[in-house]
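The structure appears below as structure tokens.
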Amino acid sequence: MHPFFLLTPLWMLSVVERTENAGRKAKVLGVILAASLLIVFPIRVRDWLHATGPHCNKCRIATPYAGLAEALKARGFEDGTIIALSRHDAGRFFPTARVVCFDRPNYGPPMRAVDGRSEAVVIWRSEQGGTVPKIAEGELERLKATPQGAAERIEVPWRPYPPR
């Protein structure tokens, strides 16, 4: 639920308090709020317990980004530039890396002096194609980076959240 709406019951109680027959209206409001909670809470818990898989757009908490970071570290990436098509795929486990994101809102911080000499990694999902995306090629040109070999597919096992 949106955090703003967490204060709505307090506001509603203050409105009820200022009207006639406030005691009865407060009881009715309490029943309505309790019924809403009893309907919404189980649905939300079900969503938390049943992450629907790697292609779910609302299940970022279940996406195995730690596995992706381990795979990149195993290939020698420690610091540099991460170019990602999705803001969720980028940089969480590399706090000192420069992260360029092409998802809305687009984000590309200014180049640092070290970025011309450091590694650059392009991250995209398999459903976005098998070659380096055209939009990422512009950033690679800006860095004066040339791809080292062909694109490499990294498979990270999907684990539901919370783990069972």
Using beta carbons and a limit of 7 Å, which pairs, at least six apart or on different chains, have the first residue in segment 128-146 and of a type in the set (S, T, N, Q) and the second one outside any helix (DSSP H, G or I)? Gln128/Leu85; Thr131/Ala151
For segment 19-32, the count of residues that are assigned to a helix (DSSP H, G or I) and either in contact (Cβ under 8 Å) with a residue 40 or more places away in the chain or open to solvent by 60 Å² or more (accessible area, probe 1.4 Å) (or both) equals 6
Out of all the residues in segment 108-129, which are under 26 Å from the mean Cα position of the chain (by Cα), farther than 14 Å from Ile83 by Cβ and open to solvent by 50 Å² or more (accessible area, probe 1.4 Å)? Pro110, Arg112, Ser126, Glu127
Report yes if some residue within segment 29-44 is within 30 Å of Glu127 (Cβ to Cβ) and at pLDDT 80 or above; otherwise report no. yes
Can you confirm whether segment 58-68 contains a residue that is among the basic types (Lys, Arg), at pLDDT below 85, closer than 22 Å to Gly129 by Cα and out of contact with any helix residue (DSSP H, G or I) (no Cβ under 9 Å at 6 or more places or on another chain)? yes
Just wondering, is there one or more residues in segment 82-93 that are farther than 19 Å from Leu140 by Cβ, modelled with pLDDT of 75 or more, of a type outside the set (Phe, Trp, Tyr) and open to solvent by 50 Å² or more (accessible area, probe 1.4 Å)? no
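The values are calculated or read from the model by the stated rules, or taken from the named source; none is laboratory data. Since this is a predicted model, take the numbers as computed values, not measurements. Quick reminder, even Gly has a Cβ in these numbers, built from the backbone with ideal geometry, and neighbours come from all protein chains shown. We work out accessible area using only protein heavy atoms, side chains counted, and drop any ligands, DNA or RNA first. Shrake-Rupley method; radii C 1.70, N 1.55, O 1.52, S 1.80 Å.
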